[in-house]
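**Q** The structure follows.
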Amino acid sequence: MAIQSNYSGLPEAFRRRVPEQTDDWCIVGELALDGTVRGVRGILPQAVAAREAGRRRIMVSMENAAEAAVVEGVRVYPVANLQEAWQTLLEPEMCVSYTPAPAPDCIGELPDFDEVKGQPYARRAMEIAAAGGHNLLMSGSPGSGKSMLAARLPGILPPMTHEEALEVSKIHSVCGMLPMGRGLLTRRPFRSPHHTISDVGLMGGGSSITPGEITLAHHGVLFLDEFPEFSRRTLETLRQPLESGRITISRASGSVEFPCQFMLVAAMNPCPCGYLGDRRHSCRCKPADIARYRKKISGPLLDRFDIVIEVPPVDPAGLLHKPDGENSATIRQRVTAARAVQQERYATTGVSCNARLSGKMIRRYCPLTDAQQKLLLAAVEQFGLSARAFDRILRVTRTIADLAGRENAEDGDLLEAIQFRQFEAQLRSL
């Protein structure tokens, strides 16, 4: 809150010590009974609001200083107790404002793709998904490496822009999830809720409306393992946020809109027992059980995935060999370069990556030759794909061309994008 300037009720001797210029101050914190100043949630958005209101100085607790210092144009004064707060108000020029330390680079701490044995097809799908921000669905038997691949996705994602980092940090600040002593979050979020999560936990809400997992995954990844084990109602609520990138939660007290532009990465077994199509294990499921299991993922929800792949079991003989794939740093360089091309291309459109292209923009930025159009139409007819899947193939084609540094997509780019939806027909077959 801002300091008020009316001191008429104070003794004259005390009034002479009250600072004269207080209109540019904002003080935020929790005052304990012993006079110490404690940290509070949501300092970052409050510091932004203070700057927008014309405040140029903000006083916070010691633990909130790094968070408040993220906002440019505002000088941060951390204090430990009420005495320091009063001294800072009297003589701010004698106090040193807080200077944040450089944010640490934590990418090297993440699991690396050079630890993955085999699965070149799935690794390629991961790279394309990261480069274009595409939603990805993996199906495979237990132990094929679906969760292992997903855990390595954050290590190849491009760095956040300053605006993206500010948005993500504000969300985590409001939820009290910003690490102590940290300012901006530098790593894209990776959220992996359990399949028993409630609708409120996933989407947000509650008696006092709070963000859910999809908002905490904003500008990052929401990984849903054991995808069909989530309740069908919970999964269906994902459809609208995936399209709009925002979610509105209404309660009797009012409505709140949260941002939720995230990559949805999901993993599932091919059947309830998990061994359908596995050469080393026999499947014990009845056709009706398999059909019931797969129908938990509706057609409209399946259409929200840009890439749908099968992850086959790794050959046991291959486990004896050393991993021969690229490391995450090499893949991340290509992904970052492709995202930079997209950000430059869509600089004036409000779109940050290929996965967010509208139908009109797809026609503009993903042109096809006559031969390519016939090829795509034939694939859509053969695999029984929807109009939404048609557009998603074009988005993936654009990303594949960006990874290769091509201005226009070639036939091979389109064929590869079509290949990443072939398995969808098998999922719909029962």
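**Q** Rounding to the nearest 20 debye, state how big the charge dipole of segment 132-286 is about its Cα centre with +1 on each Lys and Arg Cβ and -1 on each Asp and Glu Cβ. Let's see the in-between values first.
**A** On the way: 16 positive and 12 negative charges, 91 e Å.
So the magnitude is around 440 debye.
**Q** Give me Rg/Rg_expected for segment 276-375, where Rg uses Cα atoms only and Rg_expected = 2.2 N^0.38 Å with N residues.
**A** Values: Rg = 20.5 Å, N = 100, 2.2 N^0.38 = 12.7 Å.
Normalised Rg, Cα atoms only: 1.62.
**Q** Here is a further query. Could you list which residues have their amide H under 5 Å from that of residue 246, counting only those 5 or more apart in sequence or on another chain, with H placed in the peptide plane?
**A** Sorted by chain and number, the residues that satisfy this are 260.
**Q** Rounded to the nearest 10 Å², what accessible area does residue 190 have for a 1.4 Å probe in the complete protein model?
**A** Here the residue's solvent-accessible area equals roughly 70 Å².
**Q** Running a GNM on the chain with Cα contacts under 10 Å, which residue among 176, 412, 350 ends up with the highest mean-square fluctuation?
**A** Between 176, 412, 350, it is 350 that shows the largest mean-square fluctuation.
**Q** Here's another thing I want to ask about it. With a ≥ b ≥ c taken as the square roots of the eigenvalues of the C-alpha gyration tensor of segment 149-258, please select rounded if a/c is under 1.5 and otherwise prolate if a/b is larger than b/c or oblate if it is not?
**A** Values: a/c = 1.82, a/b = 1.17, b/c = 1.56.
Because a/c hits 1.5 or more and a/b fails to exceed b/c, segment 149-258 counts as oblate.
**Q** Can you tell me which aspartates and glutamates have their Cα less than 14 Å from the Cα of residue 146? Leave out same-chain residues fewer than eight positions away.
**A** 115, 225, 226, 310
**Q** Now for a different question. So what is the relative contact order of segment 255-331, in percent, for Cα pairs below 8 Å that sit 6 or more residues apart? Walk me through the numbers on the way to the answer.
**A** Values: 25 pairs, mean separation 15.6, N = 77.
Relative contact order, segment 255-331: 20 percent.
**Q** Let me ask something else about it. Based on DSSP H runs of at least 4 residues, each adding -39500 (n - 2.57), what is the mean residue ellipticity at 222 nm of the chain after dividing by all its residues, to the nearest 500 deg cm²/dmol? Provide the component values of the computation, followed by the final result.
**A** Values: 19 runs with 162 residues, N = 430.
So the calculated ellipticity at 222 nm is -10500 deg cm²/dmol.
**Q** Out of the DSSP beta bridges found with both residues in the chain, what percent are antiparallel (nearest 5)?
**A** Values: 11 of 33 bridges.
Antiparallel: roughly 35 percent of the beta bridges in the chain.
**Q** Straight-line reach only, C-alpha to C-alpha below 17 angstrom: list the aspartates and glutamates that residue 170 could link to, leaving out same-chain residues fewer than 8 apart.
**A** 52, 63, 67, 72, 213, 257
**Q** Could you list which residues have their amide H under 5 Å from that of residue 303, counting only those 5 or more apart in sequence or on another chain, with H placed in the peptide plane?
**A** Excluding prolines and chain starts, which carry no amide H, there are no hits.
**Q** Here's a follow-up. Is there a quick way to get the dipole size of segment 277-395? I mean about its Cα centre, with the Cβ of Lys and Arg at +1 and of Asp and Glu at -1; what is the value in debye to the nearest 20? Don't skip to the answer; put the middle values down first.
**A** Details: 22 positive and 12 negative charges, 92 e Å.
Once rounded to the nearest 20, the dipole reads 440 debye.
**Q** Mean 1/r over all different Cα pairs, inverted: what Kirkwood radius does segment 58-195 give, in Å? All intermediate terms of the calculation are to be shown ahead of the outcome.
**A** Details: mean 1/r = 0.0553 Å⁻¹.
One decimal place: 18.1 Å for the Kirkwood radius.
**Q** Moving on to the next point. Using alpha-carbon pairs under 8 Å, 6+ residues apart, how would you state the relative contact order of the chain in percent?
**A** Numbers: 731 pairs, mean separation 70.9, N = 430.
Dividing the mean separation by the residue count of the chain yields 16 percent.
**Q** While we're here: For residue 360, give me every one of the lysines with a C-alpha distance below 17 angstrom, ignoring sequence neighbours fewer than eight places off in its own chain.
**A** none
**Q** So, with +1 on the Cβ of K and R and -1 on the Cβ of D and E, and no other charges, what is the size of the charge dipole of the chain about its Cα centre, to the nearest 20 debye? Intermediate values should be presented prior to the final figure.
**A** Values: 51 positive and 49 negative charges, 240 e Å.
It comes to approximately 1160 debye.
**Q** Run the numbers on segment 155-264 and let me know its relative contact order in percent, using alpha-carbon pairs under 8 Å that are six or more apart. Could the numbers behind the result be given before it?
**A** Working: 160 pairs, mean separation 27.0, N = 110.
For segment 155-264, the relative contact order is 25 percent.
**Q** At a 1.4 Å probe radius, which order do 374, 146, 295 fall into by accessible area, largest first? Don't skip to the end; give the middle numbers.
**A** On the way: 374 150, 146 20, 295 125 Å².
Order by accessible area, largest first: 374, 295, 146.
**Q** Over the chain, consider all pairs of different Cα atoms and compute the Kirkwood hydrodynamic radius from their mean reciprocal separation; express it in Å, one decimal.
**A** On the way: mean 1/r = 0.0411 Å⁻¹.
So the Kirkwood estimate lands at 24.3 Å.
The values are calculated or read from the model by the stated rules, or taken from the named source; none is laboratory data. Quick caveat: nothing in here was measured; it's all calculated off a predicted structure. All Cβ positions, glycine included, derive from the backbone under ideal geometry; neighbour counts span all protein chains shown. The accessibility values were calculated without ligands, DNA or RNA, using every heavy atom of the protein model including side chains. Shrake-Rupley method; radii C 1.70, N 1.55, O 1.52, S 1.80 Å.
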